[in-house]
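J.: Handing you this structure, nothing more for now.
Derivation of every value follows stated rules applied to the coordinates shown; laboratory data play no part. Given the structure is predicted, the values throughout are model-derived calculations rather than measurements. FYI the Cβ positions are ideal-geometry reconstructions off the backbone, even for glycines, and counts take in every protein chain you see.
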Amino acid sequence: MAFVPSISVSQLAATPQNVTFTDNSTGADAAIVSRKLTIQTAASTYLVPSGTSTNYISWALANTSITVDILTEDQCVNVLCEWLDINGATLYTYENQYPLAEYNKQFLVALVSAQGLTPGIVQDVSYSGAMATFWVNINAGINQVNFAADIQGGQNCFNRATAMRLSQNLYF
């Protein structure tokens, strides 16, 4: 069966700094000896774990998944996975854009939880309006990436939400 490259990307709410990549490829090619990931932000910077001297992450073939600590805030990223031969030549590629939004989603969950403790706050127009704006920016960022393949537009939305989260005393 021919090799068909595919990966999936995920984050856990409890550890938003970590991103897990899973190789879902089907088929086989005996010429493949290694794999590497290149993760680039909308600002064209490369995300790699601390201490990595390259702009990519080596991913051993023995591991179907790899979890890397690469985030400090929400990012819209372009991910390129390459399957390489013994000479380091690229045999197959898989490339896609992903919205990684767990930092702001976690903050939103905290806001919703706080509302349950203070029933009157949902009637506060400023609080509710800010929370709606925050929510819209998170979802708009995700949609920009998932539906329009626009990581810059998505990152702009994430940046607005992050600014609100970091200045929460002004909004919530």
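J.: From the backbone phi of segment 143-150, what are the Karplus-calculated ³J(HN,Hα) couplings (6.51 cos²θ - 1.76 cosθ + 1.60, θ = phi - 60°) in whole Hz, Gly and Pro given as x?
T.: The phi angles translate into 5, 4, 7, 5, 9, 10, 6, 10 Hz.
J.: Then there is this: How many angstrom separate the Cα center of segment 1-30 from the Cα center of segment 42-77?
T.: Spelled out, the Cα-based centre of one part sits 13 Å from the other.
J.: Moving to a separate point now. Residues with amide H under 5 Å of D74's amide H, sequence separation 5 or more or different chain, H placed in the peptide plane at 1.01 Å from N; which?
T.: Those lying under 5 Å, H to H, from D74 are Y103, N104.
J.: Also, I was wondering about something else. Please rank V112, V68, fewest neighbouring Cβ atoms within 10 Å first, as an exposure proxy.
T.: Details: V112 12, V68 18.
Ranking V112, V68 by Cβ neighbours within 10 Å, fewest first, gives V112, V68.
J.: A follow-up question, please. Rounded to whole Hz and in sequence order, give me ³J(HN,Hα) for segment 128-142 from the Karplus expression 6.51 cos²θ - 1.76 cosθ + 1.60, θ = phi - 60°, writing x for Gly and Pro.
T.: Per-residue couplings from phi come out as 5, x, 5, 5, 5, 4, 4, 4, 4, 5, 4, 5, 5, x, 4 Hz.
J.: Scan around S25 for amide H atoms under 5 Å from its own, H built in the peptide plane at 1.01 Å from N, and keep only partners 5 or more places away or cross-chain.
T.: S6
J.: If a paramagnetic tag sat 7 Å from the Cα of A89 along the Cα-Cβ line, which residues of segment 1-36 would have the backbone N under 14 Å from that point?
T.: Those under the cut-off are 31-33.
J.: Fewest first, what order do R35, R160 take by the number of other Cβ atoms within 10 Å?
T.: On the way: R35 22, R160 18.
So the ranking, lowest neighbour count to highest, is R160, R35.
J.: Which three extents, in whole angstrom, do the alpha-carbon atoms of the chain cover along their principal axes, largest first?
T.: Over the chain, Cα extents along the principal axes are 64, 33, 27 Å.
J.: Would you pull out the residues with amide H under 5 Å of Y92's amide H, same chain only if 5 or more places away, H placed 1.01 Å from N?
T.: W83
J.: What list do you get for Y56, Y98 if you sort them by fewest beta carbons within 10 Å?
T.: Working: Y56 16, Y98 23.
Taking fewest neighbouring Cβ atoms as first place, the list is Y56, Y98.
J.: Moving on. Taking Cα atoms, how many degrees apart are the long axis of helix 102-117 and the longest axis of the chain, rounded to 10 and kept between 0 and 90?
T.: For 102-117 against the chain, the angle is about 30 degrees.
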